[in-house]
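*Asks:* For reference, the structure I am asking about is given below.
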Amino acid sequence: MRNLIVLIITLYLFNPLLVFSSPKQIKKQKQKVVKAIRINEQIQIDGILDEGVWKNKGYSDFIQSDPIDGAEPTEKTTVWIAYDNEALYVGARLYDSKPELIVRRLGRRDDFLDSDWFIFAVDPYYDRRSGFQFAVNPAGSIVDWTLYNDEWNDSTWDGVWDWGVNIDDKGWSVEIKIPFNQLRFEKKEKYIWGVNFVRIIKRKNERDTFVWIPKEDSGYVSHFAKLIGIENINPGRHIEFLPYTVGQATFSPSQLGNPFQTGKDYLGNIGFDLKVGVKSNLTLDVTVNPDFGQVEVDPAVINLTAYETYYQEKRPFFIEGSNIFNAFGKGGSTMNVNINFVSPYFFYSRRIGRLPQGYVSKSGYVKFPDRTTILGAFKLTGKVKGWNLGFINALTAREYAEIDSNGERFKEEVEPFTYYGVLRLQKEFNEGRQGLGFIATSVIRDLRNKNLEDILNRRAFSLAVDGWTFLDKNKTWVFTGWIGGTIVEGSKTAILRLQKSSLHYFQRPDATHVEVNENATSLRGWSGRFTLNKQKGNFIFNVAIGAISPGFDCNDIGFQFNGFDVINSHIVLGYRQLHPGKIFRYWWFIIATFRNYDFGGNKTWEGYGIAVNGQFLNYWGFDFMLGYNPNTLSKVLTRGGPLAVIPYGYQINLGISSDSRKPIVLHAFTSVYNRPLEGYHWNANLSLRWKPKSNISVSFGPGIYIRNSDIQWVTKKDDPFMVDTYGTRYIFAKIQQKTLFSEIRINWTFTPKLSLQLYLQPFMAIGKYSEFKELARPRSFDYNIYGEGLSTITYSNGKYTVDPDGPGPAPAFSFWNPDFNFKSLRGTMVLRWEYLPGSTLYFVWTQNRADYSHPGQFNFWRDLESLFTAEGDNIFLIKISYRWNI
């Protein structure tokens, strides 16, 4: 703590205005006013502005944001807004002195390409915090977003709206039609909304905005112009019925004698989604027998930690509108920094429909379900009396594994019937100056099977509150925070297992603040974090403190990384220059420090770092980071054992990126972390994106990861003679690990509604273990190496046998050779056709190959050959859905 205090005082002395001064006074812009024109004529959405309403005087007073903030635009833009009883219409004339140079890339929906764009944003609630945004480019490609937290966006929302573009000798023009039932607003006689318009001229890297927001300022929606003139509209109730049918064929290697693996498997399914506008500001989504199969496979990983891998959600029902849940604890602040503190997710939607968690206790051939069936789910989202609402309920089926033992068939339950519920409410006050919200979750399982009762919690609940408040009139300083608690209940066996799991490690023998309770039938905990952030100006300041108690556990419906039993704090100081100079277009740097303690007062992590980021005048970018960590204690290295020393180390990161306007775009990154006393790891990634045609892009991203460590976990063995480490031997080894991987993507867009995507991920991970050893004593970096002194180690038939003291009384023990050589090839091909608005046809081909031969031995060409010759699974899927707008 003394070093932290010295660092902060030094910074204050050299920069006395860094924290306490106000930012350079930003001239407040007078709010613009736009009037919508009511029309009686029919507008043909073709991009040709030949209707009478577009002959009226439009709005052309745009201001440049990039590359020169506050300058006059180089090209003129004029916009109009009109409406009738059912929809909002936007027209835009985008003049261009060189129309032949307009960048018109064609891409799939929600792919924000390196192209010219016209963007329309609207805030129908006029809460100055949220809204919708619609973008169209000259090729007819589109992106749509929801806006939230003033300046954040989420492109997972897909509205049903119409657009048209036209290119001529004056430039290009746009027409947009947005049905009122696609927006959310409270019904009134007269409406005041917020609006903004943005134009991007890609060849100049120019961004022109109707509402100018100086770069030193913050916010987006809160600056919108005022839209008036809309009155006496009747959007009606929005009802969409979306039935679907899917057929799937799986071809995989057959296994002799296995009746479940014949090489072929066919299945089909039907179901439907229903979307109902309960009111103009509230939407109910219902899904019955949903198809929650994924179109794109998860990437291959090799995980040598005690914690599960986090995968992104890819299922449309859950990702659309997910920002109401994902934004928990993040509202109000423009900079959410967590240095070596990973806030838990109270809701992780991939828990619903997950791979069954049980196991089969009987021998034989097994057909194990690859996911849990979701019987039905509904989602209610919108705004009620100023409160943002998100509510999800889902029921998943009881799942069984089928076993064939010498021709006799029987089933074992591997997942119970389960209810999942999530409720999220948030309200903003005083034009977003304050906010208050909460999230509540529940999981209830019907446990009838003894095996499942011993490993799963019967009930799990969480409740957390979040909020923020600005501390000054100019909204320069904001204080944000969240705090919550969890409770899980289950059998004594299940709770005992939970206490000893990698998220708690209550059995740590040298811990004085936690202990295992073998009679407990519940577990409780809390967590929270509070932050002070400077929002505006050139100087950067962020300070935070957070904690996760030893008993906190949200994993039944949330996701908790490796954060538990931790008290964390950090401080970030920096400066940013946001306007072009002689060398840079912009740059910023920060210095930061953090420290972690457990609830027993042990310092478990500490670090100091500096980071620099910027862009040169030629639009090449760079980032650099240097970090240092002193010696600290680890509570997780021994996986439930005593504290052990992690020696000091330093980290260097370097990245560069090229001008995105060019046909070939480059991004390269490398990082090295070195602990001179223990080992190092180094990784490098290269991303190349080639745009051979306006409708085709090819990306290639190879990478390499090399790790050499002297203290890779292997296993543990009980031994009462090992008194120095509390009767257990904690066994480690030196590891030499190499991982090579690549991601290859091809996007071929035929029309804005017809596209082909190909994805391929070759992956190789090889690990060689040697120099096996045991921790000699707690709170040290001392190890007893097997084979030295009186100890012996031998290897036979895939097992190592160790006698830790030779002729001494300690018993010998064995463990399997942990070497590995994992090779994987995963890929998908997806043809997507939106044949009618909201109605889609998918054809998907997925292939998975894997090989495990030659563990611990790396030979690139041999392993590459094994990768492509390994037997694999081929899955073909056809899905068609049809949207009825009732």
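*Asks:* Need the list of lysines near Lys76 for cross-linking: C-alpha distance under 23 angstrom, and skip anything on the same chain fewer than eight residues off.
*Replies:* Here the lysines satisfying the reach criterion relative to Lys76 are Lys30, Lys32, Lys35, Lys55, Lys57, Lys98, Lys170, Lys177, Lys202, Lys204, Lys215, Lys226.
*Asks:* Let me ask you something else. Normalised by the residues of the chain, what does the relative contact order come to in percent, with Cα pairs under 8 Å and at least six apart?
*Replies:* 9 percent
*Asks:* Round to a whole number: what % of the accessible area of region 675-788 belongs to carbon and sulfur, probe 1.4 Å? Could you put the intermediate results ahead of the total?
*Replies:* Values: 2930 of 5190 Å².
Carbon and sulfur together cover 56 percent of it.
*Asks:* Quote the charge dipole size of the chain about the Cα centre in Debye, to the nearest 20; the model charges only the Cβ of Lys and Arg (+1) and of Asp and Glu (-1). Kindly include the intermediate steps, with their values, before the conclusion.
*Replies:* On the way: 102 positive and 90 negative charges, 356 e Å.
Dipole magnitude for the chain comes out near 1720 debye.
*Asks:* Can you pull out the trypsin sites (Lys or Arg not before Pro) in region 458-501 whose DSSP state is coil and whose Cβ has at most 10 other Cβ atoms within 10 Å? Walk me through the numbers on the way to the answer.
*Replies:* Numbers: sites: Arg458, Arg459, Lys473, Lys475, Lys492, Arg497, Lys500; in loops: Arg458, Lys473, Lys475, Lys500.
Answer in residue order: Lys473.
*Asks:* In whole Hz and in residue order, list the ³J(HN,Hα) couplings for region 595-606 that follow from phi through the Karplus curve 6.51 cos²θ - 1.76 cosθ + 1.60, θ = phi - 60°; x for Gly and Pro.
*Replies:* Coupling constants for region 595-606: 8, 10, 10, 8, 6, x, x, 7, 6, 9, 5, 7 Hz.
*Asks:* Run the numbers for Asn817 and Phe843: contour at 0.36 nm per residue of separation, minus the present Cα-Cα distance, in nm. Don't jump to the answer; show the numbers that get you there.
*Replies:* On the way: separation 26, 0.36 × 26 = 9.36 nm, distance 4.31 nm.
Length gained between Asn817 and Phe843: 5.1 nm.
*Asks:* What is the distance, in nm, between label points placed 7 Å from the Cα along the Cα-to-Cβ direction at Arg459 and at Phe700?
*Replies:* Output for this residue pair reads 5.8 nm.
*Asks:* Here is a follow-up. Among Pro818, Ile886, Tyr795, which residue has its Cα positioned farthest towards the positive end of the charge dipole of region 787-886, with +1 placed on the Cβ of Lys and Arg, -1 on the Cβ of Asp and Glu, and the dipole taken about the Cα centre?
*Replies:* Farthest along the dipole direction, towards plus: Ile886.
*Asks:* Still on this model: Under 17 Å from the Cα of Lys383, which lysines turn up, not counting those fewer than eight places away in the same chain?
*Replies:* Result set, ordered by chain and number: Lys187, Lys188, Lys275, Lys279, Lys427.
*Asks:* Kindly rank 362-371, 556-565 from highest to lowest mean number of other beta carbons found within 10 Å of each residue.
*Replies:* Working: 362-371: 14.2, 556-565: 20.9.
Put in order of decreasing packing, that is 556-565, 362-371.
*Asks:* Note down the magnitude of the dipole of region 776-828 about its Cα centre, charges +1 on Lys and Arg C-beta and -1 on Asp and Glu C-beta and zero elsewhere, to the nearest 20 debye. Show your work: numbers first, answer last.
*Replies:* Values: 5 positive and 5 negative charges, 79 e Å.
For this selection, approximately 380 debye.
*Asks:* Determine Rg/Rh for the chain; Rg is computed over alpha-carbon atoms and Rh is the Kirkwood hydrodynamic estimate from the same atoms.
*Replies:* Values: Rg = 29.6 Å, Rh = 30.6 Å.
Rg divided by Rh gives 0.97.
*Asks:* Looking at region 129-209, which trypsin sites (Lys or Arg not before Pro) are in a loop (DSSP not H, G, I, E or B) and have at most 16 other Cβ atoms within 10 Å? Walk me through the numbers on the way to the answer.
*Replies:* On the way: sites: Arg129, Lys170, Lys177, Arg184, Lys187, Lys188, Lys190, Arg199, Lys202, Arg203, Lys204, Arg207; in loops: Arg129, Lys170, Arg184, Lys187, Lys188.
Passing sites in region 129-209 are Lys170, Lys187, Lys188.
*Asks:* What is region 487-630's relative contact order, in percent, from Cα pairs under 8 angstrom and six or more apart in sequence? Could the numbers behind the result be given before it?
*Replies:* Working: 305 pairs, mean separation 23.4, N = 144.
Value for region 487-630: 16 percent.
*Asks:* Moving to a separate point now. Return the Rg/Rh value of region 575-631, two decimal places, where both radii are evaluated on C-alpha atoms and Rh is the Kirkwood radius.
*Replies:* Working: Rg = 16.5 Å, Rh = 13.4 Å.
Computed over Cα atoms, the ratio is 1.24.
*Asks:* Give a quick list of GluC sites (Glu not before Pro) in region 489-574 that DSSP marks as loop, anything other than H, G, I, E or B, with at most 16 other Cβ atoms within 10 Å. Before the final figure, lay out each step's value.
*Replies:* Values: sites: Glu489, Glu515, Glu518; in loops: Glu515, Glu518.
Those satisfying the criteria are Glu515, Glu518.
*Asks:* Determine the calculated [θ] at 222 nm for the chain from helices alone, applying -39500 (n - 2.57) to every DSSP H run no shorter than 4 residues and normalising by the residue count; nearest 500 deg cm²/dmol.
*Replies:* On the way: 6 runs with 43 residues, N = 886.
Calculated mean residue ellipticity at 222 nm is -1000 deg cm²/dmol.
*Asks:* Here's a follow-up. Using the Cα centre of the chain as origin and beta-carbon charges of +1 (Lys, Arg) and -1 (Asp, Glu), tell me which of Ala225, Ile766, Trp690 is placed farthest towards the positive end of the dipole.
*Replies:* Ala225
*Asks:* Can you give me the long-range amide H partners of Phe185? Hydrogens built in the peptide plane at 1.01 Å from N, cutoff under 5 Å, separation of 5 or more residues or another chain.
*Replies:* For Phe185, the qualifying residues are Asn281.
*Asks:* For Ile239 and Ile664, compute 0.36 nm times the residue count separating them, minus their Cα-Cα distance, and round to one decimal in nm.
*Replies:* Numbers: separation 425, 0.36 × 425 = 153.00 nm, distance 4.48 nm.
Extra length from Ile239 to Ile664 when fully extended: 148.5 nm.
*Asks:* Rounded to the nearest Å, what's the spacing between the alpha carbon centres of region 363-438 and region 97-158? Just the number, please.
*Replies:* Cα centroid of region 363-438 versus Cα centroid of region 97-158: 32 Å apart.
*Asks:* Might you work out the accessible area of Ser252 for me, using a 1.4 Å probe with all protein chains in place, and round it to the nearest 10 Å²?
*Replies:* 40 Å²
*Asks:* Now for a separate question. Can you give the three extents of the C-alpha atoms in region 800-886 along their principal axes, from longest to shortest, in whole Å?
*Replies:* 83, 37, 15
*Asks:* Shifting gears a bit: Roughly how big is region 457-521's charge dipole about its Cα centre, with Cβ charges of +1 (Lys, Arg) and -1 (Asp, Glu), in debye to the nearest 20? Present the calculation step by step, with values, prior to reporting the outcome.
*Replies:* Numbers: 8 positive and 6 negative charges, 42 e Å.
Roughly 200 debye, rounded to the nearest 20.
*Asks:* Enumerate the lysines that Lys362 could reach by cross-link, defined here as Cα to Cα under 28 Å, with residues fewer than 8 away along the same chain left out.
*Replies:* Here the lysines satisfying the reach criterion relative to Lys362 are Lys264, Lys411, Lys450, Lys492, Lys500, Lys716, Lys717, Lys799.
*Asks:* Starting from the eigenvalues of the Cα gyration tensor, five times each then square-rooted, give me the equivalent ellipsoid semi-axes of region 120-160, largest first, whole Å. Walk me through the numbers on the way to the answer.
*Replies:* Working: eigenvalues 80, 20, 14 Å².
Output for region 120-160: semi-axes of 20, 10, 8 Å.
*Asks:* Let me ask something else. Where does helix 860-869 land angle-wise versus the long Cα axis of the chain, in degrees 0 to 90, nearest 10?
*Replies:* With both axes taken from Cα atoms, the answer is about 70 degrees.
*Asks:* Using +1 at the C-beta of Lys and Arg and -1 at the C-beta of Asp and Glu, which of Tyr619, Asn631, Ala547 has the Cα lying farthest in the positive direction of the dipole of region 511-665?
*Replies:* Working it through, the farthest residue towards the positive pole turns out to be Tyr619.
*Asks:* Heavy-atom accessible area per residue, the chain, 1.4 Å probe: how many Å²? Working shown, then result.
*Replies:* On the way: 39660 Å² over 886 residues.
Accessible area per residue: 45 Å².
*Asks:* On full extension of the chain, what length is gained from Arg371 through His513, given 0.36 nm per residue of separation minus the C-alpha to C-alpha distance?
*Replies:* Values: separation 142, 0.36 × 142 = 51.12 nm, distance 3.88 nm.
Answer, rounded to one decimal: 47.2 nm.
*Asks:* Which FRET efficiency value, to the nearest 0.05, do you get for Glu75 and Arg777 by plugging their Cβ-Cβ distance into 1/(1 + (r/R0)^6) with R0 = 56 Å? List each step's numbers first, then the result.
*Replies:* Numbers: r = 72 Å, r/R0 = 1.29.
My answer for the efficiency is 0.20.
*Asks:* Output the Cα-based Rg and Dmax of region 306-444 in Å, rounding Rg to one decimal and Dmax to a whole number.
*Replies:* So, for region 306-444, Rg and Dmax equal 19.7, 71 Å respectively.
*Asks:* Something else: Taking the C-alpha atoms of region 665-808, how large are the radius of gyration and the largest Cα-Cα span, Dmax, in Å?
*Replies:* 23.7, 77
*Asks:* Let me ask something else. Using the Cα atoms as the points, what is the convex hull volume per residue of region 153-228 in Å³?
*Replies:* Working: hull volume 12.3 nm³, N = 76.
Per-residue hull volume (Cα only) is 162 Å³.
The values are calculated or read from the model by the stated rules, or taken from the named source; none is laboratory data. What you see is a predicted model, and the numbers here were worked out from it, not measured in a lab. Don't worry about glycine lacking a Cβ; one is built from the backbone with ideal geometry, like all the others, and counts go over all protein chains shown. We work out accessible area using only protein heavy atoms, side chains counted, and drop any ligands, DNA or RNA first. Shrake-Rupley method; radii C 1.70, N 1.55, O 1.52, S 1.80 Å.
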